[in-house]
Structures are given as C-alpha cells and as structure tokens.
1. With viscosity set to 1.306 mPa s at 10 °C, what whole-number translational diffusion coefficient in µm²/s follows for the range 23-149 from Stokes-Einstein and a Kirkwood radius over Cα pairs?
2. Tell me which chymotrypsin sites (Phe, Trp or Tyr not before Pro) from the range 176-224 have a DSSP coil assignment and no more than 16 other beta carbons within 10 Å of their own.
3. Would you mind getting the accessible area per residue of the chain, heavy atoms of the protein chains only, 1.4 Å probe, in Å²?
4. What is the pair-distance distribution P(r) of the range 135-231, computed from all Cα-Cα distances in 5 Å bins starting at 0, with each bin given as a whole percent?
5. Give me D for the range 1-66 in µm² s⁻¹, whole number, from Stokes-Einstein with Rh from the Kirkwood sum over alpha-carbon pairs, 4 °C and 1.567 mPa s.
6. Whole-Hz ³J(HN,Hα) for each residue in the range 73-85, computed from phi via Karplus 6.51 cos²θ - 1.76 cosθ + 1.60 with θ = phi - 60°, x for glycine and proline: what do you get?
7. Can you give the three extents of the C-alpha atoms in the range 85-190 along their principal axes, from longest to shortest, in whole Å?
8. Considering only protein heavy atoms, with the full assembly of protein chains and a 1.4 angstrom probe, order 220, 83 by accessible area, largest first.
Amino acid sequence: LNGEWRTALQLGEEPGLLTELYQPLDYAGRFFFNVGAFTDRRNLNMYSSVGDQIAEYRLNRIGATLSGGMNFGTWGELRLGYHRARGDAEVRVGTPPLGDFNFDSGYAFTRLSIDTLDDAYFPNKGRAGTLDVKLHRDSLGDDNDFEQVSFKYIAAKTWGHNTFLAGVRFDTTLDDDAPIYALFRAGGFTNLSGFNQNELSGQHAGIAKLAYLRRINDFHLLPVYLGASLE
C-alpha cells in the first residue's frame, strides 16, 4: 500500500534524530496512519516583560507522535493525532526565575494542510498552508493546560526567470500561559533574517514576508538565483 519509513538525523548546534512510519490504509492512499519517535536538543532564549533577554535554556526532549487522517487528492490532508514527550531544561546563560527543571508535554492536535508548490525550497508556482490547533492537557500527560493555534501560508508565482514569493505566519497561545518548553521561536534565514537562528521566543509570533528571485542560469541540475527578501 506504498507505506514509507523515514529516518532523519540532524547535526550541529541543535542535533536531533527522528524515525517515523507513514502507512496508507487503502490502495487509493486516501486514509493513513503515522507513528514516529524522536529525540532532540534545542536552545531557547527567555525574555523579561520589557523585552530584555534574561536567560538561555538548553531543552532536551524524547517523545513519540501517533496520528491518522485523510488525504485530499495530492493537494492536502486532514490529520488528528497525539503527541507525548518528556525532557529537561538546563540553564546555559543567565539567572532566570526558574532554574533547571524537568517537564512532561502531552497534547492532542488537529492539522489541516494544503500544498501545491512545485519545490519545497525554491518553488516557482503553487501555494502551501497549514492550520494547527493543539490542546495541551494534564489528562493527556502535560504539566499544564493551555491551547495554541498556528497558521502559515506561502504562495509562489513565476514570470520567465522572475519568481515572487509571499508568505505569512501567525502563532498564538490563547491565554498567554504556555510554559518555556512550548514557546514559539523565530529568527534565521527567511524567518526574520536579521536575527540569529531561533533567537527570539515568546507566547506569540507573527511574520509577513515578500521575496523576489531571479534565475541567472539555465543549468537545470544546479539552478542559481539572485534575490532579496523583506520580512
């Protein structure tokens, strides 16, 4: 039924390991389930109410995800699932109100996705969008009860060698009560490029961006672009 087993290894400042199985349930591939496990390390900066950075944490996590859903042709899917993780947070820099601590994360989620882009990194046409709703609950294994909503959308259009990209992203914690391990992050290439990778964090995040790319060669195996972005 065209099942797929994928494993990904990430090295560097924020290493991680992910393995997952995607299994269609019928020959048309309309219904599926997905099960995966992961472990990772990531950095998260903590800020005061006036925007000053007061600490940097190192988060270590290990967990698993189980989900299932329905595909809409080749352009979209609806997915329901459960995410469970355990971890610890270590203070690397600063003197935050909280010192080192352990945490448990557990939430149910629903995700609606569309994707007609012709390339994941340098698309020439199409659009992609995702709407995520997460319900963190003590009954699901979380240390806290809170809700988060995330939305992102990008569209691409090409005329000749000229490509224009437009995108938006909006993340919010409904009652501003997400703990440190669930804060949103921003910063890095095309994600507020003037900041370091994931330098910013908080209860909410919003980004709008425009980009222009011009292809300056006709070598299809290694296309070269010159461009700029406003974020």
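1. 92
2. 189, 195, 219
3. Value returned for the chain: 60 Å² of accessible area per residue.
4. 3, 12, 17, 16, 14, 12, 9, 7, 5, 4, 2, 0
5. 89
6. These are the phi-based 3J(HN,Hα) values: x, 10, 10, x, 7, 10, 9, 10, x, 9, 10, 9, 8 Hz.
7. Principal extents (largest minus smallest coordinate, Cα): 55, 33, 22 Å.
8. Final ranking, largest accessible area leading: 220, 83.
The values are calculated or read from the model by the stated rules, or taken from the named source; none is laboratory data. This one's a predicted model, so the numbers in the text were calculated from it and none came from an experiment. Neighbour counts run over all protein chains shown; Cβ positions are idealised from the backbone, glycine included. Protein only, heavy atoms only, side chains kept; ligands, DNA and RNA dropped before computing areas. Shrake-Rupley method; radii C 1.70, N 1.55, O 1.52, S 1.80 Å.
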